[in-house]
Structures are given as C-alpha cells and as structure tokens.
Amino acid sequence: MSAILEGVGLRKVYRGGDGAPIEVLAGVDLAVQRGEFVAIVGASGAGKSTLLHLLGALDTPTAGTVMLAGEAYAEQTPERLAAIRNRQIGFVFQFHHLLREFNALENVMMPLMIAGVPPETARSRAQELLASVGLAGRMTHRPAALSGGEQQRVAVARALVADPLVLLADEPSGNLDYHNSELLHDLFASLARQLETALVVVTHNRSLAARADRVLAMEHGQLVPHPGVEAMP
C-alpha cells in the first residue's frame, strides 16, 4: 500500500550567527499510511518541529522531497501549494490560534469559507465536527469564554473540518492540564481512525505517544524506531 504522506531524504540546513552551516535534518525518510497515527519524540531542538513544517508545506527542505497523495510539493505552483495546505492538511499547534472576534462555530467554518464552500454547507460541517469533539453546547461562545481544553478541541475541529488527508500536530497538549490532555489524546486517536486521516504528532507527552501506532525518535537529524512507550501512571 502506497503512503499518503511521504518524505524522502529530507535535509534542512540553517546558517548560524557566524555563517557556519547548522544541519538540523540529515536525510530523514518517513512514510505514513492513511489512518495511521505516528508519534515523533525527541529532545528539544532535535528538529521535530522543523520536520513537521516541511511535511506541512510551511517550509521548504534544503534537499529531499515531500509528497502528499503522490504529489510532490516542489512541483506545485504557490497557488496550488496554498490550496493543498488549506484543504488537504490540518494543523494543530500547542497554542490554538483561534480568532478571538469569532465564536467557536465561525472559527471552525473559516477554512471552508476561505476555500469558497457555501456558508450553509460550511456551517453544517462545522456543527458536525464541534459535536464530535463534545462542544455541541458551546458553539456560540467566543474563545475567551471557553476553557483551555475547549479551545484546543475547537482547534482540532477546525483542523479536521475540510476532511484533510493528513493532520499534523505539534505538542497539542503541551499547554493543558492532565485531565484535558487525556481528553485531547483520546480525541486524536479516535478521530484519526474514524476519519481515516493520517496523523503525525510531535510530542514530549508519553501518554499521547503510547496511543500511536508507531513511535519514532529524532536523533542526530535522523528518525529512528523508538521502543514501546508506556503511559505515565
């Protein structure tokens, strides 16, 4: 079975303050199947977030190729790449980045509205996703009236509203308490399988990594298999 998301030979080199090259990624290979949940762990500064940005077409590699559903990012026009980011990739970050002046429903509708989906269709899909993350009764609340856990669940609904091929998450529970973290972890695992969305999560959280189908560690600019991760008691 061919991978839905694939990175081949990904290198990322930055220039330090003295002009010397700093290699963050040293030829990373990664293939993720539809509906697969992959967790990436490793020390801070190891390059995990850099890899996620390359996979999400938020940055370009120094060398190597990223392909989504067989389409190489490097071969796309800027307009096509923007459409891929909006419709085929969902993003969830540690900080939810909700628009404060809009309520939960409007925030979730936003990606579809930008893509030109009719308002009633966008509203119906957003309502469905918010209900699925347990926020059916909180749709008209603005972010300031929602708890941190609720705000992050809105962010998850927004990331999934366009039915993306892949969901990328960078420390999604890093700003939440234990209870809300566990709720979010269960949500990720269940929704990815239910929607058959490929899920790649960068995390330091052992409980979240333990729910993954596969755990990889970023070490010295490379991804290596990681032994089974057991959740914290």
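The values are calculated or read from the model by the stated rules, or taken from the named source; none is laboratory data. Since the model is a prediction, treat every value here as computed from it, not as a measurement. Every residue, glycine among them, receives a Cβ derived from its backbone with ideal geometry; neighbour counts consider all protein chains shown.
Observations on the structure shown:
- Extreme residue, farthest from GLN194 (Cα to Cα), among residues of segment 62-75 that are in contact (Cβ under 8 Å) with a residue 40 or more places away in the chain, surrounded by 17 or more Cβ atoms within 10 Å (Cβ to Cβ) and under 18 Å from the mean Cα position of the chain (by Cα): VAL66
- Only residues that are in contact (Cβ under 8 Å) with a residue 24 or more places away in the chain and either polar (S, T, N, Q) or assigned to a helix (DSSP H, G or I) (or both) were counted across segment 187-230, and they come to 15.
- Within segment 93-106, residues that are part of a loop (DSSP other than H, G, I, E, B) have Cβ atoms under 6 Å from residues that are acidic (Asp, Glu) in these pairs: GLN94/GLU171, counting only partners at least 6 apart in sequence or on another chain.
- Residue within segment 194-214 that is touching a Gly at 6+ places or on another chain (Cβ under 6 Å) and either within 21 Å of LEU98 (Cβ to Cβ) or not small (Gly, Ala, Ser) (or both) present: yes
- Filtered residues of segment 141-171 (kept if closer than 23 Å to VAL117 by Cβ and in a helix (DSSP H, G or I)): PRO143, ARG153, VAL154, ALA155, VAL156, ALA157, ARG158, ALA159, LEU160
- Leading residue by the ranking (surrounded by the fewest Cβ atoms within 10 Å (Cβ to Cβ)) among those in segment 1-17 that are among the small types (Gly, Ala, Ser) and more than 24 Å from GLU36 (Cα to Cα): GLY17
- Among (1) among the hydroxyl-bearing types (Ser, Thr, Tyr); (2) under 20 Å from VAL201 (Cα atoms); (3) in contact with a Gly (Cβ under 9 Å, 6 or more places away or on another chain), the one test that SER2 misses: (2)
- No other residue among LEU176, LEU184 is out of contact with any strand residue (DSSP E or B) (no Cβ under 8 Å at 6 or more places or on another chain), assigned to a helix (DSSP H, G or I) and buried (at least 19 other Cβ atoms within 10 Å of the Cβ) apart from LEU184.
- Failed criterion for ALA57 (all others in (1) crowded, with 20+ Cβ neighbours inside 10 Å; (2) part of a loop (DSSP other than H, G, I, E, B); (3) touching a Phe, Trp or Tyr at 6+ places or on another chain (Cβ under 6 Å); (4) not basic (Lys, Arg) hold): (1)
- Within segment 4-52, the set of residues being in a loop (DSSP other than H, G, I, E, B) and within 18 Å of VAL224 (Cα to Cα) comprises GLN33, GLU36, GLY42, ALA43, SER44, GLY45, ALA46, GLY47.
- Among the residues making up segment 109-127, those that are in a helix (DSSP H, G or I) and more than 20 Å from the chain's Cα centre (by Cα) are MET113, PRO119, GLU120, THR121, ALA122, ARG123, SER124, GLN127.
- Residue identified as of a type in the set (A, V, I, L, M), farther than 24 Å from ARG11 by Cβ and modelled with pLDDT of 90 or more among LEU54, LEU68, LEU99, LEU58: LEU99
- Pairs, first farther than 19 Å from SER190 by Cβ in segment 132-151, second among the basic types (Lys, Arg) and crowded, with 18+ Cβ neighbours inside 10 Å, C-beta under 8 Å, six or more apart: LEU146/ARG138
- Qualifying residue in segment 148-171 (condition: within 18 Å of GLY90 (Cβ to Cβ) and surrounded by fewer than 18 Cβ atoms within 10 Å (Cβ to Cβ)): yes
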